[in-house]
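S.K.: This is the structure I want to talk about, given as structure tokens.
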Amino acid sequence: MTSPSPVPHSPFPIAGSIAFIGGGNMARSLIGGLIARGASAASIRVAEPVEVVRESLARDFGVPVFATAQEAVAGASLWLLAVKPQVMRTVCQGLSAQAQEHGALVVSIAAGITAGQMQRWLGDGVAVVRAMPNTPALLGAGVTGLFATPQVDASGRERTEALLSSAGKTVWIDDEAKMDAVTAVSGSGPAYVFLLAEAMEAAAKQEGLNDDAARTLVLQTILGAARMLTESDEEPAELRKRVTSPNGTTQAAIEAFQEGGFAKLVGKAIHAASERGKELSAAND
């Protein structure tokens, strides 16, 4: 696994049209990011079956919208499939002839759908990238794990990275089997932080703080800690040690976490999420 790639600051580098199949929240985030970085709205084509959503996309971004995927991909060299996993097979089979005829690069952000499944449904030889973004991508602060099939060349990787980096940083994975771990760590990871925030807020109230104070203290603490982690070159363990004075309040709390098997519990949770990812892939086969 390579190190995360920084978000590019140069003008948008993808030539040609991009087709989005599905116009939900993640697609909207990516479209907005692309346009903000210099992509032409006219070069972004979106297929969305719900009329009110189509109208919203056209109004908010000025992009061409279509009722069917077949219309949207016409003339586009890069397709991003942002549909629900349970309809992915049907969507891909409906695009199979066009994918093989035009040699499109296909990027999927559907959880639990493997690159191998995509290729079987689209047709052998189609270049596919499996991507796993997470919900902070909606704020441009996400991270996306990427796996490419052998048919994806260097140019295809560059174009994919330029597309997904609109939502945050990207990490290339060299073994697709590890994508379940990506899902477990970063795809599901925001929920773990939300769970911690929920528990901290409840504990703060139990200690007598009012609702507003508890919420502000918890949220700003998590925000500040996240910034220290991302803006510092120090390892998490080193940052933790720096705020843990011997026999102080932080040490008392850390010892309580450790006595409760905190590290083991986190490992168990991430493993459970990874195993569930495998089960979902098998269910869609």
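The values are calculated or read from the model by the stated rules, or taken from the named source; none is laboratory data. Predicted model, so just to flag it, every value in this text is computed and none were measured. Heads up, the Cβs are rebuilt from the backbone with ideal geometry, glycines too, and the neighbour counts pull from every protein chain shown.
S.K.: On the given criteria, is Gln100 over 19 Å from the mean Cα position of the chain (by Cα) and buried (at least 20 other Cβ atoms within 10 Å of the Cβ)? Reasoning before the result, please.
M.R.: Details: over 19 Å from the mean Cα position of the chain (by Cα): yes; buried (at least 20 other Cβ atoms within 10 Å of the Cβ): no.
For Gln100, the condition - over 19 Å from the mean Cα position of the chain (by Cα) and buried (at least 20 other Cβ atoms within 10 Å of the Cβ) - is not met.
S.K.: Of the conditions (1) surrounded by 10 or more Cβ atoms within 10 Å (Cβ to Cβ); (2) without any contact (Cβ under 8 Å) to a residue 40 or more places away in the chain; (3) farther than 18 Å from Ala191 by Cβ, Lys278 fails just one. Which one is it?
M.R.: All conditions are met except number (2).
S.K.: Another question about this same structure. Mind telling me which of the residues Val73, Val52, Val46 ends up being crowded, with 16+ Cβ neighbours inside 10 Å, assigned by TED's automatic domain parsing to the domain that holds Met118 and out of contact with any Gly (no Cβ under 9 Å at 6 or more places or on another chain)?
M.R.: Val73
S.K.: Has the stretch 249-266 got at least one residue that is outside the structural domain of Phe147 (by TED's automatic domain parsing), polar (S, T, N, Q) and out of contact with any Ser or Thr (no Cβ under 7 Å at 6 or more places or on another chain)?
M.R.: Narrowing the stretch 249-266 to residues outside the structural domain of Phe147 (by TED's automatic domain parsing): 249-266.
Checking the rest, the ones that are also polar (S, T, N, Q) come to 249-251, 258.
Add one more test, that the residue is out of contact with any Ser or Thr (no Cβ under 7 Å at 6 or more places or on another chain), and what stays is 249, 258.
Within the stretch 249-266 (the criterion being outside the structural domain of Phe147 (by TED's automatic domain parsing), polar (S, T, N, Q) and out of contact with any Ser or Thr (no Cβ under 7 Å at 6 or more places or on another chain)), the answer is yes, since at least one residue qualifies.
S.K.: Six or more apart or on different chains, Cβ atoms under 8 Å: show the pairs whose first residue is in the stretch 245-260 and free of Cβ contacts under 8 Å to residues at least 40 places away in the same chain and whose second is surrounded by 11 or more Cβ atoms within 10 Å (Cβ to Cβ) and hydrophobic (A, V, I, L, M, F, W, C).
M.R.: Sorted first by the residue in the stretch 245-260, then by its partner, the pairs are Thr250/Val243.
S.K.: Moving on to the next point. Restricting the search to the stretch 136-160, which residues are buried (at least 19 other Cβ atoms within 10 Å of the Cβ) and assigned to a helix (DSSP H, G or I)?
M.R.: Ala137, Gly156, Arg159, Thr160
S.K.: I've got another one for you. Return the residues of the stretch 103-113 that are over 15 Å from the mean Cα position of the chain (by Cα) and crowded, with 18+ Cβ neighbours inside 10 Å; say none if nothing qualifies.
M.R.: Ala104, Leu105, Val106
S.K.: Limited to the stretch 207-254, what total is found for residues that are part of a helix (DSSP H, G or I) and farther than 26 Å from Gly189 by Cβ?
M.R.: 6
S.K.: State whether one or more residues within the stretch 265-273 are under 30 Å from Gln117 (Cβ atoms) and charged (D, E, K, R).
M.R.: Scanning the stretch 265-273 turns up at least one residue that is under 30 Å from Gln117 (Cβ atoms) and charged (D, E, K, R).
S.K.: Can I ask one more? So which residues in the stretch 74-118 are farther than 15 Å from Gly277 by Cβ, in a loop (DSSP other than H, G, I, E, B) and in contact with a helix residue (DSSP H, G or I) (Cβ under 8 Å, 6 or more places away or on another chain)?
M.R.: Of everything in the stretch 74-118, those that are farther than 15 Å from Gly277 by Cβ, in a loop (DSSP other than H, G, I, E, B) and in contact with a helix residue (DSSP H, G or I) (Cβ under 8 Å, 6 or more places away or on another chain) turn out to be Ala74, Ala82, Val83, Ala104.
S.K.: Among the candidates Thr170, Thr183, single out the residue that is surrounded by 15 or more Cβ atoms within 10 Å (Cβ to Cβ) and not in a helix (DSSP H, G or I).
M.R.: Thr170
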